[in-house]
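Following: one structure in structure tokens, then a few remarks.
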Amino acid sequence: MVMKKTGLFLLSVLTFFSTGYFFQAEALNNGLAKTPPMGWNSWNIFHENINETQIKQIADAMVTSGMKDAGYIYLNLDDNWMATSRDANGKLRADPTRFPSGMKALGDYIHSKGLKFGIYGDRGLRTCHHYHSGPQGSGSGSYNKEQLDANTFAEWGVDYLKYDNCDPAPNSNQQRDYEKMRDALANCGRDIVFSICAWGYQNWMPSTGNLWRTTGDITDKWDNGNDWFVGIINAIDKNTEYASVAGPGGWNDPDMLEIGNGGCTIEEYRTQMSMWCIMAAPLIAGHDVRKMSQEIKDILLNKEVIAINQDSAGIQGTRVKAANGLEVWCKPLGSINGTTKAVALLNRNGSAKDITINFSDIGFSDTVTVRDLWAKADRGSFTGSYTMSVPSHGTGLLLISSGPAKPISAFTNIEAEHFSLKSGIQTETCSEGGEDIGYIQNGSYAVYKNIDFEDGADSFIARVSCGGTGGKIEIRIDSINGTLAGTCEVTETGDWQTWSTISCSIDTITDAHDLYLIFTGDEGYLFNINWFRFESGKVESKYRISGPALNGSSTFKTSVSNRNIFIIPQINNISFSISLFEIDGRLVTRRNSLIGTVSVPVAGKGVYIVNVNYNGNIEKKVVSVF
């Protein structure tokens, strides 16, 4: 793991495309939107006609309808919440007639419902509605007021900013305008998801926002031809062009859901939900939540379908086959090489058609099990292919899992990212080649099914790295609370990509079992794992450092509490000095002539580097603050 949860850091991310190749993009890593954001936005149903009472009713309905419990947590105000002028201090303010209590009070109400508060802004001189409706000099845009407006949003408790592209200032630069707001949000003291609404993808967007529009505005139609306003099928075609740049923390946005607004058939709406989930797109509803029919609830609240969208691997599904208006799309779940995949069967035609998925097209060769996610029904086991009838403009959505695999030998190196199931971890690029698993926290786990321990294994060996304080690996059999065979400790290796081999003795395991690796430790990220294996023959617990050498054992430990970094000497009465840096190299503070445990407060969340100088030596620590 190169970096952890920075306030503003560009993380190199590998993503998967349908050809099987990997593409690399620089992504914003502000620790937010690790799965596609879910919520509701006011524009599609109300346009500029919004008010305080109405929005409170929507907040209430998001709770009572089950939307919040299904994961729709952002309630986002779109354009025209603001007055037609700023206040005497130059700050944005709510329209006093339509929002008499102000934005802070509205945000408090939204938060009281267990929801998050989203708001709308613009990079230009005026927002889109003010630009088109004509109030000159309203100053509703944030051009050259980015930090002021970001600070105001933070004061109001805003959690999400949709940032539009209207009325640009003369000689302004679109990319720079968005980067200025990105930087302002990073410095406002509050975590705010940044949604870029610039009506089409550009290659600077992944390093700037958490999501970015790939299309013009959506309209409540199936097909709107080549118009700037896109129908559902048009948005699908445009959004899929950029699958290679999407991943945790940064998402392609084909615009909001039209489901429930009345312009399309139920099958067409079911297709929008299916394909937005396959494409790992943000799920931002846009209907009147107060008036949902059961048919619309059945689409929007299907938790099995939502789980496809929210899969933590964050892989955008892609088209794997298309002919005669019939298409097969695939989204790997858990990891690129996982044993479960979501498959969408899309029918563009004007009548129902049979669509066949050949399992070899998605990398499966043996018997698989098929579950129909819209029918909420298991269809059974199949070999070679599966065919289903799909209505006109409809989409079948399947969960396909490979059948029983041949046992995996416990005595060969097992790549950690080749898990069958996992919780609370992510795969990432490994400095030793391939991928590793990281972002491991206390309580995370990975499951490796059908591991063959043959006549007996009594030692566990793993390739690990750790830039924090470390933790433990529990080796359990057949369930998360199954028999504990042993525990291996992981300690600091120097940084997140300095790799070491650990080993420990365990109780003897024989025959084939599902292997559960349970990860435990203190607050924050614990360690990374590249691979592991088992051996026969007891070993002493040991720790071998490779990569940059460490001079002896660590003389200083670090811990974090309430945004304070503690530097703790392991030797009494040792004199030392420290230099604390942000991850981009900017100095935070220096302190000299220190003795004993030292507490250093930091302003915000992120990754920090601590250089500890003592007796002519330097120890470097990487510390994550949450």
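Scanning for something in a loop (DSSP other than H, G, I, E, B) and of a type in the set (D, E, K, R), does segment 168-178 turn up at least one residue? Break it down stepwise before answering.
Of segment 168-178, the ones in a loop (DSSP other than H, G, I, E, B) are 168-173.
Within this subset, residues satisfying the condition of being of a type in the set (D, E, K, R) are none.
Within segment 168-178, none of the residues are in a loop (DSSP other than H, G, I, E, B) and of a type in the set (D, E, K, R).
Just one of the listed residues (ILE45, ILE50, ILE73, ILE55) is within 27 Å of THR208 (Cα to Cα), of a type in the set (Val, Ile, Thr) and in contact (Cβ under 8 Å) with a residue 12 or more places away in the chain, and it is ILE73.
If you check ALA342 against the conditions, is it small (Gly, Ala, Ser) and within 30 Å of the chain's Cα centre (by Cα)? Reasoning before the result, please.
Details: small (Gly, Ala, Ser): yes; within 30 Å of the chain's Cα centre (by Cα): yes.
Against the criterion (small (Gly, Ala, Ser) and within 30 Å of the chain's Cα centre (by Cα)), ALA342 qualifies.
For segment 415-430, a tally of residues being more than 16 Å from ARG476 (Cα to Cα) and either surrounded by fewer than 16 Cβ atoms within 10 Å (Cβ to Cβ) or among the basic types (Lys, Arg) (or both) returns 1.
Looking at this structure, is ALA352 surrounded by 21 or more Cβ atoms within 10 Å (Cβ to Cβ) and either charged (D, E, K, R) or touching a Ser or Thr at 6+ places or on another chain (Cβ under 7 Å) (or both)?
Working: surrounded by 21 or more Cβ atoms within 10 Å (Cβ to Cβ): no; either charged (D, E, K, R) or touching a Ser or Thr at 6+ places or on another chain (Cβ under 7 Å) (or both): yes.
No, not satisfied.
The residue pairs whose first member lies in segment 367-395 and is free of Cβ contacts under 8 Å to residues at least 12 places away in the same chain, whose second member is of a type in the set (S, T, N, Q), and whose beta carbons are closer than 6 Å, counting only pairs six or more residues apart or on different chains, do not exist in this structure. Looking only at segment 368-414, residues that are open to solvent by 30 Å² or more (accessible area, probe 1.4 Å), touching a helix residue (DSSP H, G or I) at 6+ places or on another chain (Cβ under 9 Å) and within 26 Å of ASN450 (Cα to Cα) come to 7 in all. Is one or more of the residues making up segment 94-115 part of a loop (DSSP other than H, G, I, E, B) and among the basic types (Lys, Arg)? Yes, there is a match, as at least one residue in segment 94-115 is part of a loop (DSSP other than H, G, I, E, B) and among the basic types (Lys, Arg). The set of residues from segment 84-101 being surrounded by 15 or more Cβ atoms within 10 Å (Cβ to Cβ) and touching a helix residue (DSSP H, G or I) at 6+ places or on another chain (Cβ under 8 Å) comprises THR84, LEU92, ARG93, ALA94, ARG98, PHE99.
In the set GLY66, GLY39, GLY71, only one residue is within 24 Å of the chain's Cα centre (by Cα), at pLDDT 95 or above, within 21 Å of LYS297 (Cβ to Cβ) and surrounded by fewer than 17 Cβ atoms within 10 Å (Cβ to Cβ); that residue is GLY66.
Going by what's in this entry, would SER546 be described as surrounded by 14 or more Cβ atoms within 10 Å (Cβ to Cβ), modelled with pLDDT under 80 and either closer than 22 Å to SER465 by Cβ or not basic (Lys, Arg) (or both)? Working first, answer last.
On the way: surrounded by 14 or more Cβ atoms within 10 Å (Cβ to Cβ): no; modelled with pLDDT under 80: yes; either closer than 22 Å to SER465 by Cβ or not basic (Lys, Arg) (or both): yes.
No: the conditions fail for SER546.
Here segment 459-470 is the region considered, the condition is being open to solvent by less than 10 Å² (accessible area, probe 1.4 Å) and not β-branched (Val, Ile, Thr), and the residue that is farthest from ALA512 (Cα to Cα) is GLY467. Filtering segment 119-143 to residues that are without any contact (Cβ under 8 Å) to a residue 40 or more places away in the chain, open to solvent by 10 Å² or more (accessible area, probe 1.4 Å) and in contact with a Leu (Cβ under 9 Å, 6 or more places away or on another chain) leaves TYR131, TYR143. Being charged (D, E, K, R), surrounded by fewer than 17 Cβ atoms within 10 Å (Cβ to Cβ) and within 21 Å of the chain's Cα centre (by Cα) is a property that ASP183 has.
Taking only segment 234-270 into account, find how many residues are of a type in the set (Val, Ile, Thr), touching a Phe, Trp or Tyr at 6+ places or on another chain (Cβ under 9 Å) and open to solvent by 10 Å² or more (accessible area, probe 1.4 Å). Can you show your working first?
Of all residues in segment 234-270, those of a type in the set (Val, Ile, Thr) come to 236, 240, 245, 259, 265-266.
Checking the rest, the ones that are also touching a Phe, Trp or Tyr at 6+ places or on another chain (Cβ under 9 Å) come to 236, 240, 245, 259, 265.
Among the residues that remain, those that are also open to solvent by 10 Å² or more (accessible area, probe 1.4 Å) are: 240, 245, 265.
Residues in segment 234-270 being of a type in the set (Val, Ile, Thr), touching a Phe, Trp or Tyr at 6+ places or on another chain (Cβ under 9 Å) and open to solvent by 10 Å² or more (accessible area, probe 1.4 Å): 3 in total.
The criterion of at least 1 residues that are among the small types (Gly, Ala, Ser) is met by the following strands (runs of 3 or more DSSP E) wholly inside segment 423-505: 435-438, 445-452, 457-465, 471-477, 483-490.
Hey, could you check segment 208-223 for residues that are open to solvent by less than 20 Å² (accessible area, probe 1.4 Å) and touching a residue at least 60 places away in the same chain (Cβ under 8 Å) and say which is farthest from GLY31 (Cα to Cα)? Let's see the steps before the verdict.
Just the residues of segment 208-223 that are open to solvent by less than 20 Å² (accessible area, probe 1.4 Å), to begin with: 208-216, 218.
Still in the list and also touching a residue at least 60 places away in the same chain (Cβ under 8 Å): 208-211, 218.
Details: THR208: 13, GLY209: 12, ASN210: 10, LEU211: 13, ILE218: 28 Å.
Per the stated criteria, the residue is ILE218.
The conditions of being open to solvent by 20 Å² or more (accessible area, probe 1.4 Å), small (Gly, Ala, Ser), within 25 Å of the chain's Cα centre (by Cα) and modelled with pLDDT under 95 are met by GLY20.
Taking LYS116 as the residue in question, decide whether it is closer than 19 Å to VAL193 by Cα, over 26 Å from the mean Cα position of the chain (by Cα) and open to solvent by 20 Å² or more (accessible area, probe 1.4 Å).
no
Taken over segment 440-458, the residue count meeting the criterion of being within 24 Å of THR491 (Cα to Cα), open to solvent by 50 Å² or more (accessible area, probe 1.4 Å) and more than 26 Å from the chain's Cα centre (by Cα) is 0.
Counting only residues that are at pLDDT 85 or above and of a type in the set (Phe, Trp, Tyr), which one in segment 557-598 is nearest to GLY468 (Cα to Cα)? Going through the qualifying residues, I end up with PHE566. Among the residues of segment 58-81, those that are part of a loop (DSSP other than H, G, I, E, B) and not hydrophobic (A, V, I, L, M, F, W, C) comprise SER65, GLY66, GLY71, TYR72, ASP78, ASP79, ASN80. What about GLU155, is it of a type outside the set (Phe, Trp, Tyr), open to solvent by 40 Å² or more (accessible area, probe 1.4 Å) and part of a helix (DSSP H, G or I)? Criteria met by GLU155.
The values are calculated or read from the model by the stated rules, or taken from the named source; none is laboratory data. Nothing here was measured: the structure is a model prediction, and the numbers come from that model. All Cβ positions, glycine included, derive from the backbone under ideal geometry; neighbour counts span all protein chains shown. Heavy atoms of the whole protein, side chains included, go into the accessibility calculation; ligands, DNA and RNA do not. Shrake-Rupley method; radii C 1.70, N 1.55, O 1.52, S 1.80 Å.
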